[in-house]
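Okay, so here's the structure we're looking at.
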Amino acid sequence: MNERTKILHHGDTPEKYFGAVNPPVVHASLFGYRTVEEFRAVNRDPFHQPVYHREYNPTVGVLEEKIAMLEHAEAGIAFSSGMGAITAPLLALLSHGDHLLVIDSVYGPTRQFCNDTLTRMGIQVEYFSAAESANLAPRLKDNTRLIYLESPGSLTFEIQDIEAVTRLARARGIYTIIDNSWATPLYQKPLDMGVDIVVHSGTKYIAGHSDLTLGLLACSEALFKKIKPTAVLLGAVLSPDDAYLALRGLRTLPLRMAQHQESALKIARWLASRPEVREVLHPGLPTFPGYELAKRQMTGYSSLFSFRLQPGTAEARRAFVDTLELFLIGYSWGGYESLMLPLDRAFAGEPDWRARRGLDDDLFRTSIGLEDPDDLIADLERGLAAWRAAMD
Ligand SMILES: Cc1ncc(COP(=O)(O)O)c(C=O)c1O
């Protein structure tokens, strides 16, 4: 059965709920039983049976089944944010004295968690570049326990060689985690490439409507047994209401992603043709440094990309963004609405790190929403005219 069909119906059991086609939103912190026998029976597997919401909830459970199906995994765990999904496996799998390798272009707060919390716990954290991912052997140590990937990155979209990393990691018993938020489970299947654990900020495309924060994790049954108890103790659990919204978002994910992809490629190509634009960083453009690898690892592209204007003044850059009517300025991405984020020096990051990422004042990141792409192009045209006027 095609994934587009499965995403609609997988895990639905209308016969259990009066024929209701959507799973009900089960509002219950606890689940009560009449007999000791029943109570003991559900307590034998509290991570899959209704006992207490922090461990299992039927609405959240349907979402967990769906993410496992989409990621070709045996098990899924939902969290109240992407950071919940990222921090739980790191805390569950790493111990004092372990060495952790992290992609240098990793999402800022993930980096902060590694540098602050994990370092304080006595875990040795080191970063590697996307180029090094083709052969990480020289960076491995006897105590390397885990390698953390995020491909593509979310500012300048560095593509890592996933299979080269997992081949090495598997041979040495090292765990691998990947943040798959950019490509979504539709366009990249990391577990098929040997990755152990996939995490998502479901806040982005999966929820898709900028109305909740959501984290999702998918892995084997054996890893679920290692990670789930820590997840339950950390307590970043998803509410049944937000699980419902996420399930609703997932039903239209294939349709939305097809439109996001088409619109973003059209706008990226249009921007690349403009004299005011020096460079467009979109993994689906042949001019992008990681284009060939991206094509091998992914079956599609989402709609978050960056572009660099010609060297300009602060006034011109501000005129460009302030003139836009359809693009709000904001950090998140993957929703129905278009966004424009200036990556100038006011944006976080140590100078060294900014230089390694190629972040300068003329760089902007855009999330292309579901508006008509020609309306977005007309808006950008007005913005570029304002940039030109301010440069004169
Ligand atoms: C690539 C990436 N991973 C993880 C996260 C964290 O997700 P959340 O904000 O849902 O905690 C984000 C959020 O912006 C992100 O961009």
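The values are calculated or read from the model by the stated rules, or taken from the named source; none is laboratory data. Computed from a predicted model, the values in this text were never measured in an experiment. Neighbour counts run over all protein chains shown; Cβ positions are idealised from the backbone, glycine included. Side chains are part of the model used for accessible areas, which takes the heavy atoms of the whole protein and leaves out ligands, DNA and RNA. Shrake-Rupley method; radii C 1.70, N 1.55, O 1.52, S 1.80 Å.
Structural remarks
- Distance from the Cα centroid of region 176-238 to that of region 254-294 is 26 Å (rounded to whole angstrom).
- Heavy-atom surface analysis with a 1.4 Å probe gives the chain a carbon and sulfur content of 53 percent of its accessible area.
- Mean residue ellipticity (222 nm) of the chain, computed from DSSP H runs ≥ 4 via -39,500 (n - 2.57), nearest 500: -11500 deg cm²/dmol
- Considering only beta bridges that DSSP places wholly inside the chain, some 55 percent are antiparallel.
- Spacing of the modelled spin labels on HIS10 and ASP241, each 7 Å from Cα toward Cβ, amounts to 2.8 nm.
- Helix 314-323 and the longest principal axis of the C-alpha atoms of the chain enclose an angle of approximately 60°.
- Sorting the segments 71-79, 348-356 by their mean number of nearby beta carbons within 10 angstrom, highest to lowest, gives 71-79, 348-356.
- Nearby aspartates and glutamates by direct alpha-carbon distance to LYS225 (threshold 17 angstrom, same-chain neighbours under 8 apart not counted): ASP45, GLU55, GLU64, GLU65, GLU74, ASP196
- Heavy-atom accessible area with a 1.4 Å probe sorts SER338, SER95, SER81, largest first, into SER95, SER81, SER338.
- Per residue solvent-accessible surface (Å²) - the chain, probe of 1.4 Å: 43
- Pairs over the 22 Å Cα-Cα cut-off, from the set LYS66/LYS189; LYS189/LYS266; LYS141/LYS228; LYS66/LYS295; LYS16/LYS226; LYS6/LYS228: LYS189/LYS266; LYS141/LYS228; LYS66/LYS295; LYS16/LYS226; LYS6/LYS228.
- Semi-axis lengths, Å, the chain, gyration tensor of Cα atoms, sqrt of 5 times eigenvalues: 37, 26, 18
- For region 1-63 versus region 356-392, the gap between their alpha-carbon centres in whole angstrom: 46
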